[in-house]
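The values are calculated or read from the model by the stated rules, or taken from the named source; none is laboratory data. This structure is a prediction, so every number in the text was calculated from the model and none was measured. Here the Cβ positions follow ideal geometry from the backbone for every residue, glycine too, while neighbour counts run over all protein chains shown. Areas reflect the complete protein model, heavy atoms only, side chains present, ligands, DNA and RNA absent. Shrake-Rupley method; radii C 1.70, N 1.55, O 1.52, S 1.80 Å.
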Protein chains: 2
Amino acid sequence: MKYTFSNKISSLQPSAIREILKATSDPSIIPLAAGNPAPDAFPVDEVRVIAADILEKRPIDALQYGVSEGYQSLRETIISWIKKHENIGRDFDNCIIVSGATQVMDLTTKVLCNEGDVVICEEPSFIGSLNCFRSYGCRLKGVPVEADGMNVEVLEEVLKTTPNAKFIYTIPNFQNPSGATMSLTKRERLYSLAKQYGVIILEDNPYGDLRVEGDALPTIKSMDDDGIVIYAGSFSKILSPGLRVAYCIAPQELLAKMTVGKQATDVHTSCLNQMIVDEWFKHYDVDAHIKKIQGIYRKKLDLMCKCIDRELGDFVEYVRPEGGLFIWCRLPDSVDMLAFVQKAVEKKVAVVPGNAFLMNDNDSTQYIRLNFSTPSDEGIVNGIKALGEVAAQYGK
Amino acid sequence: MKYTFSNKISSLQPSAIREILKATSDPSIIPLAAGNPAPDAFPVDEVRVIAADILEKRPIDALQYGVSEGYQSLRETIISWIKKHENIGRDFDNCIIVSGATQVMDLTTKVLCNEGDVVICEEPSFIGSLNCFRSYGCRLKGVPVEADGMNVEVLEEVLKTTPNAKFIYTIPNFQNPSGATMSLTKRERLYSLAKQYGVIILEDNPYGDLRVEGDALPTIKSMDDDGIVIYAGSFSKILSPGLRVAYCIAPQELLAKMTVGKQATDVHTSCLNQMIVDEWFKHYDVDAHIKKIQGIYRKKLDLMCKCIDRELGDFVEYVRPEGGLFIWCRLPDSVDMLAFVQKAVEKKVAVVPGNAFLMNDNDSTQYIRLNFSTPSDEGIVNGIKALGEVAAQYGK
């Protein structure tokens with residue numbers, strides 16, 4: 001049978017990152033292309049104790065159907081934690097639990113966008129979210145990311161000229177892939193522009209707690225007196241991505257529709273996993289754990305930067321991020337970026353070609369994305385050394 | 001801010017079942033409206049042992065990111081089990097793991113349907129799936145369900161007159177809500193009609209293993225020499241719904257697109273939970289477990305039928321199902337069905353009004369859906385007794 005696919009899915013390619021990851025499942029390849037948290041950042045012993053306790057004392061709660069909004073106790077835990085932690089949450093806000101933060105992008109797009117509507121994105125931006133928006137037949141308009149975040153002049157121009165823009169997607173902290181953190185001035189400007197033009201902000205903050213230097217900046221959601229910000233929070237980077245538990249804080253009126261969407265998508269998030277997260281918050285010092293993993297990531301970032309400076313020197317340009325998982329490196333104009341990435345794979349190092357993060361991935365860019373959380377320290381040293389050898393082929 | 005929702009979500013109401021469930025979270029209400037597996041059907045001790053073992057020996061695999069297709073070992077386990085168990089799987093087929101079977105409906109609709117396309121459904125049918133199709137802006141065409149399944153004459157008429165029908169959604173075993181099992185003749189006819197008209201079949205089989213009498217019939221997917229059937233299998237009824245692990249067997253070309261959709265939806269299904277299912281298959285006798293829970297459901301079905309016959313007698317008509325979770329009861333024409341359901345709630349019994357399962361839930365019907373798996377035996381006895389008291393108000 002010849003299959004006919006929907007328009008929205010026909011144009012959608014498999015995620016370049018995930019395809020590269022699969023191509024490089026060969027364990028001899030050094031994974032600088034991934035975005036995995038460092039395995040030693042997982043609170044393994046705690047999760048083991050918690051899971052055993054849950055399955056001993058409340059197995060039926062863990063194994064039975066739950067409600068689409070999420071496990072009530074975890075919702076309350078998050079509401080109180082995120083208020084203290086990020087000053088997020090007004091009277092009109094509420095919280096739902098989702099199966100990983102990507103589901104916040106999915107449900108936001110489902111409830112706000114008709115086919116052909118526009119989503120305004122930072123350019124470059126996270127390919128997973130871009131593909132999510134594309135999978136609803138949305139058109140993407142890119143706003144360039146600078147070292148201090150989205151160019152707000154371009155944003156204003158886009159808002160002025162795009163009547164069917166439904167929301168602005170931003171990763172304000174240690175943006176994926178650029179590593180950029182949006183300045184406070186730009187956060188405030190973004191908020192006031194969104195308010196002025198009546199466009200929702202979707203704030204995706206998976207990396208916020210992975211700050212390794214500098215002072216934390218207020219989230220955009222913490223400024224939200226007007227009910228215009230949907231906040232996507234994740235436990236993938238501070239606890240575990242494999243559990244697929246994340247959350248959304250947004251005005252109740254929006255969440256009610258997103259919950260209806262979730263009922264029709266995956267019914268609810270795993271009860272066992274929601275209970276594990278809830279018990280982790282109740283019985284362990286999450287803030288101390290976050291401090292601990294910041295130490296792990298600080299070391300890894302330092303190491304990678306040191307290696308890049310030593311092995312690649314002037315061959316690449318990058319802005320050292322204050323946290324997150326990624327370094328965004330610019331190759332010289334004379335270098336064919338995709339050929340460089342291919343040569344790196346031949347040297348057994350996987351990096352992500354930067355065009356994967358563009359609104360139109362046929363556009364060209366000189367950037368590659370490097371990840372410092374997944375590889376071991378040895379992997380960082382050897383991986384960047386191998387990239388240096390590739391660079392040497394260009395007469396570096 | 002005044003929010004503007006997408007057309008597809010605006011028309012979608014919260015699931016009547018889930019709303020009723022929430023309204024009746026009062027533990028004094030007898031839950032004949034639910035669709036939960038019987039808690040004593042969960043292999044609690046096995047899951048406890050397995051989870052402890054996984055988190056002891058392979059915690060990083062359980063907590064780290066996985067791939068969108070699913071945990072490779074579980075995929076292989078399912079492919080081999082479902083071949084033996086249901087004779088499902090040809091060379092062109094493959095398997096992906098999803099986060100509950102509803103995600104198969106979600107991904108199928110995403111990859112096959114543009115807004116305005118038609119999904120042909122049994123009428124009545126499972127509200128969760130109907131809402132999923134609606135959430136993509138699909139139009140639903142209903143084909144009446146008879147005691148031996150879908151009316152295939154009406155189906156042919158619909159296929160003839162609906163050029164943009166993209167797939168036929170069917171629950172052939174112990175259909176939700178009607179309890180009907182499609183005869184072999186009708187399965188074969190459905191398959192040949194779908195082939196003739198070039199329309200995919202989406203076969204949803206969550207209850208197939210809950211057969212308590214009669215002989216098992218071949219799944220439609222087992223007839224699929226042409227690559228026209230997408231099969232949704234679930235562990236929610238035989239292992240646990242709270243783990244949110246299910247699977248899809250379909251031609252690889254379809255699955256490749258569905259996997260791209262899954263990447264953009266929830267990235268992948270919980271690794272820990274996939275490993276739990278896989279280890280359960282590897283270390284326990286799943287077929288023996290299925291036999292055991294069939295015994296549990298047989299007793300509960302018997303009990304409910306006995307109670308209905310005693311307490312409600314001629315007041316209701318129903319066809320005793322050969323398995324599954326539901327009894328579909330017809331009230332007398334003289335009774336206002338919704339008023340009856342309301343009176344039942346006042347008597348502290350929750351049942352689902354049948355219109356929730358119609359293509360247009362403003363249409364009227366005399367049916368209510370009763371569930372016999374969730375309530376305790378005492379709940380069944382007292383619940384049906386209370387319904388008898390409501391019936392008595394109508395001069396039964």
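For A:ALA344, state whether it is without any contact (Cβ under 8 Å) to a residue 12 or more places away in the chain and part of a helix (DSSP H, G or I).
Spelling it out, it is not the case that A:ALA344 is without any contact (Cβ under 8 Å) to a residue 12 or more places away in the chain and part of a helix (DSSP H, G or I).
Answer yes or no: is there a residue in segment A:151-171 that is out of contact with any Ser or Thr (no Cβ under 9 Å at 6 or more places or on another chain), more than 12 Å from chain B (Cβ to nearest Cβ), acidic (Asp, Glu) and touching a residue at least 60 places away in the same chain (Cβ under 8 Å).
Looking for residues that are out of contact with any Ser or Thr (no Cβ under 9 Å at 6 or more places or on another chain), more than 12 Å from chain B (Cβ to nearest Cβ), acidic (Asp, Glu) and touching a residue at least 60 places away in the same chain (Cβ under 8 Å), one finds none in segment A:151-171, hence no.
Can you find, within segment A:331-357, the residue that is most open to solvent (accessible area, probe 1.4 Å) among those that are hydrophobic (A, V, I, L, M, F, W, C) and more than 25 Å from the chain's Cα centre (by Cα)?
A:ALA339
Would you mind stating whether B:ILE238 is outside any loop (DSSP other than H, G, I, E, B) and surrounded by 22 or more Cβ atoms within 10 Å (Cβ to Cβ)?
No, not satisfied.
Could you please let me know if A:GLN274 is in a helix (DSSP H, G or I), in contact with a Leu (Cβ under 7 Å, 6 or more places away or on another chain) and either open to solvent by 10 Å² or more (accessible area, probe 1.4 Å) or free of Cβ contacts under 8 Å to residues at least 40 places away in the same chain (or both)?
For A:GLN274, the condition - in a helix (DSSP H, G or I), in contact with a Leu (Cβ under 7 Å, 6 or more places away or on another chain) and either open to solvent by 10 Å² or more (accessible area, probe 1.4 Å) or free of Cβ contacts under 8 Å to residues at least 40 places away in the same chain (or both) - is not met.
Would you pick out the residues in segment B:277-330 that are aromatic (Phe, Trp, Tyr), part of a loop (DSSP other than H, G, I, E, B) and open to solvent by less than 70 Å² (accessible area, probe 1.4 Å)?
B:TYR318 - this is the single residue of segment B:277-330 that is aromatic (Phe, Trp, Tyr), part of a loop (DSSP other than H, G, I, E, B) and open to solvent by less than 70 Å² (accessible area, probe 1.4 Å).
From the set of residues in segment A:64-105 that are closer than 19 Å to A:GLU279 by Cβ and of a type in the set (Ser, Thr, Tyr), which is farthest from the other protein chains (Cβ to nearest Cβ)?
A:SER80
Can you tell me which residue is most open to solvent (accessible area, probe 1.4 Å) among those in segment A:241-258 that are within 7 Å of chain B (Cβ to nearest Cβ) and over 20 Å from the mean Cα position of the chain (by Cα)?
A:GLU253
Which strands (runs of 3 or more DSSP E) does segment A:53-162 wholly contain that include 1 or more residues that are closer than 30 Å to A:VAL319 by Cβ?
Hits in segment A:53-162: A:118-123, A:139-146.
Could you check, for segment A:209-218, whether at least one of its residues is touching a residue at least 24 places away in the same chain (Cβ under 8 Å), in contact with a Ser or Thr (Cβ under 9 Å, 6 or more places away or on another chain) and within 13 Å of chain B (Cβ to nearest Cβ)?
no
If a residue must be buried (at least 24 other Cβ atoms within 10 Å of the Cβ), facing chain B (nearest Cβ under 10 Å) and either among the β-branched types (Val, Ile, Thr) or over 18 Å from the mean Cα position of the chain (by Cα) (or both), how many such residues does segment A:128-150 contain?
Result for segment A:128-150: 1.
Given (1) crowded, with 21+ Cβ neighbours inside 10 Å; (2) part of a helix (DSSP H, G or I), where does A:PRO375 come up short, assuming only one miss?
Here A:PRO375 clears every test but (2).
Quick one: is B:LEU190 part of a helix (DSSP H, G or I), at pLDDT 95 or above, out of contact with any Cys (no Cβ under 8 Å at 6 or more places or on another chain) and surrounded by 24 or more Cβ atoms within 10 Å (Cβ to Cβ)?
yes
Cβ-Cβ distance below 7 Å, separation of 6 or more or different chains: which pairs start in segment B:45-63 with a residue that is more than 7 Å from every other protein chain (Cβ to nearest Cβ) and end on one that is aromatic (Phe, Trp, Tyr)?
Within 7 Å, the pairs are B:GLU46/B:TRP280; B:GLU46/B:TYR284; B:ILE50/B:TRP280.
Tell me which of these A:THR108 doesn't satisfy, since it passes every other one: (1) over 30 Å from A:THR162 (Cα atoms); (2) open to solvent by less than 10 Å² (accessible area, probe 1.4 Å); (3) more than 7 Å from every other protein chain (Cβ to nearest Cβ); (4) not aliphatic (A, V, I, L, M).
Result: A:THR108 passes all but (1).
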